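One structure is given below, encoded as structure tokens.
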Amino acid sequence: MIIILRESASEEQIDHVVERVESYGYNAHVSRGTYRTVVGVIGDEEKIRATPLAAIPGVAEVVAVQPAFKLASLTAHPEPSIVKVGSGNAVTKIGGGNLGMIAGPCAIESAERLDLIAASIKEAGANILRGGAYKPRTSPYSFQGMGEEGLKVLREVGDKHGLPVVTEAIDPRHVELVAEYADMIQLGARNMQNFVLLTEVGKTKKPVLMKRGMAATVKDLLMSAEYVLSQGNSDVVLCERGVKGFDNATRNMYDVCSVPQIKELSHLPIIVDPSHATGRPELIPSCALAGVGAGADGVHIEVHNQPEDALSDGPQALLPDQYKETMVQIRKVAEALGKTF
Ligand code: PEP
Ligand code: MN
């Protein structure tokens, strides 16, 4: 940790900073510049982080040398992680050149409908089926999902089509149940900082799809991933799904730049979700291509056979044919980059 002192810091204040640092049990290394003095604090970074160094008079800024997300960092794991989703004959790898192509309806609505959608996305090349059984809706009066019945449907349809399945857990009390049926547990944008839920999901052995919170920085996302990793679950896939912006022309602001940023900071795979990021079907194909072009390890797209009847997120769903065409384009970009799905 490095303490940067104010230009106005007096000699007494500098001495006091050194005394305090030593009293906390760390070594202090003072460097005097022309305008500013900096104090290097040497010791256990985790303990130093918890020490209120910025409260010492004369201190302008305290800068960490190591990122606070240790397990998620490239230092901990310099090679890109590959997360395996599914079991038996239906295993999808995400990361290290393998693209996770996740598709399906926003919500599981019926076995017949999910079956139709699953058949179409499988034919188009998707390798993971999605569908929400518990829906985190903005309004308490909106459709909340089919619950356990939906989980059963998802499992059966996934098995029938040889697709691993991902679904969201929104409540720590449901995690065990969701883990029983799903191959991958989704942590939604609204729950990215629900630390009790993150800890419960981290205790399972199931891969996790962690969506970026709508007001979360890239570092916040990595700190949330750290919660899951710290519980012994190393299979986390991050997902850029847009953040709140000032322009309501799109549902959210698609931050495609977070993909290369995360690649610089972390070994965890990161996929993009242009469906929730844009909320507009006509923008989804190009934003999906931009994501893969930026280095994403997969694409998450909502697909519905009758968007006008959908119980949630119908207006942003791609029709099966539109998804198929998008996948043709994505495949070209993936091939150009030496990636496969
Ligand atoms: C979803 O995947 O349907 C969903 C609710 O996504 P998000 O958490 O990104 O809003
Ligand atoms: Mn949705």
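Just so you know, all these numbers are worked out from the coordinates, no wet-lab data involved. Values in this document were obtained by computation on a predicted structure and should not be read as measured data. For neighbour counting, all protein chains shown are included, and Cβ atoms are generated from backbone atoms with ideal geometry for every residue, glycine included.
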Q: Per residue of the stretch 316-323, in order, report the coupling 6.51 cos²θ - 1.76 cosθ + 1.60 (Karplus, θ = phi - 60°) as ³J(HN,Hα) in whole Hz, putting x for Gly and Pro.
A: 9, 6, 8, 6, x, 5, 5, 5
Q | For the stretch 1-112, alpha-carbon Rg and Dmax in angstrom | A | 23.9, 76
Q. Ratio of the stretch 255-298's C-alpha Rg to 2.2 N^0.38 Å, to two decimals?
A. 1.12
Q) Can you pick out the pairs among Lys47/Lys93; Lys122/Lys263; Lys152/Lys244; Lys93/Lys135; Lys93/Lys152 whose Cα atoms lie more than 32 Å from each other? A) Lys47/Lys93; Lys152/Lys244
**Q.** Karplus-derived 3J(HN,Hα), 6.51/-1.76/1.60, for each residue of the stretch 34-46, Hz, glycine and proline x
**A.** 5, 9, 10, 10, 10, 10, x, 9, 10, x, 5, 3, 4
Q. Non-local amide H neighbours of Met210 (under 5 Å, H modeled in plane, Pro and chain starts lacking H): which ones?
A. Leu187, Val237, Leu238, Cys239
Q. Just how far, in whole angstrom, is the stretch 1-57 from the stretch 186-211 if you go by their alpha carbon centroids?
A. 37
**Q.** Debye intensity ratio I(q)/I(0), log10, the chain, q values 0.10, 0.13 Å⁻¹ (C-alpha model)
**A.** -0.62, -0.91
**Q.** Neighbourhood charge, 10 Å Cβ-Cβ cut-off, centred on Val85 and excluding it, Lys, Arg +1 and Asp, Glu -1
**A.** +1
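What list do you get for Thr217, Thr167, Thr204, Thr138 if you sort them by fewest beta carbons within 10 Å?
Starting with the residue having the fewest Cβ neighbours, the order is Thr138, Thr217, Thr204, Thr167.
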**Q.** Top positive-direction residue, dipole computed over the chain with Cβ charges, set Val328, Ser120, Ser230
**A.** Val328
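When a footprinting reagent is the concern and you count Cβ atoms within 10 Å, what order do Ser275, Ser142 take, fewest first?
The order, fewest Cβ neighbours first, is Ser142, Ser275.
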Q. Which ordering of Cys106, Cys239, Cys257, Cys287 is given by a fewest-first count of other beta-carbon atoms within 10 Å?
A. Cys257, Cys287, Cys106, Cys239
(Q) 5 Å is the cut-off here: which amide hydrogens, built 1.01 Å from N in the peptide plane, fall below it relative to Lys135, excluding neighbours closer than 5 in sequence? (A) Gly145
Q | the stretch 206-268: trypsin sites (Lys or Arg not before Pro) falling in loop per DSSP and having at most 15 other Cβ within 10 Å | A | Lys244
Q.
Taking amide H atoms as placed 1.01 Å from N in the peptide plane, list the residues 5 or more away in sequence, or in a different chain, whose amide H sits under 5 Å from that of Tyr24.
A. none
Q. Can you list the trypsin sites (Lys or Arg not before Pro) in the stretch 54-128 that are in a DSSP coil and have 16 or fewer other beta carbons within 10 angstrom?
A. Lys70
Q.
Taking R0 as 30 Å, what FRET efficiency do you get between Asp171 and Ser110 from their Cβ-Cβ distance, rounded to the nearest 0.05?
A. 0.85
**Q.** Estimated dipole of the stretch 214-323 in Debye, rounded to 20 [Cβ of Lys and Arg +1, of Asp and Glu -1, Cα centre]
**A.** 280
Q | Whole-angstrom gap from the stretch 160-181 to the stretch 273-314, using each part's C-alpha centre | A | 21
Q: Please give the calculated 222 nm ellipticity per residue for the chain, where each DSSP H segment of at least 4 residues contributes -39500 (n - 2.57) and the sum is spread over every residue; nearest 500 deg cm²/dmol?
A: -10000 deg cm²/dmol
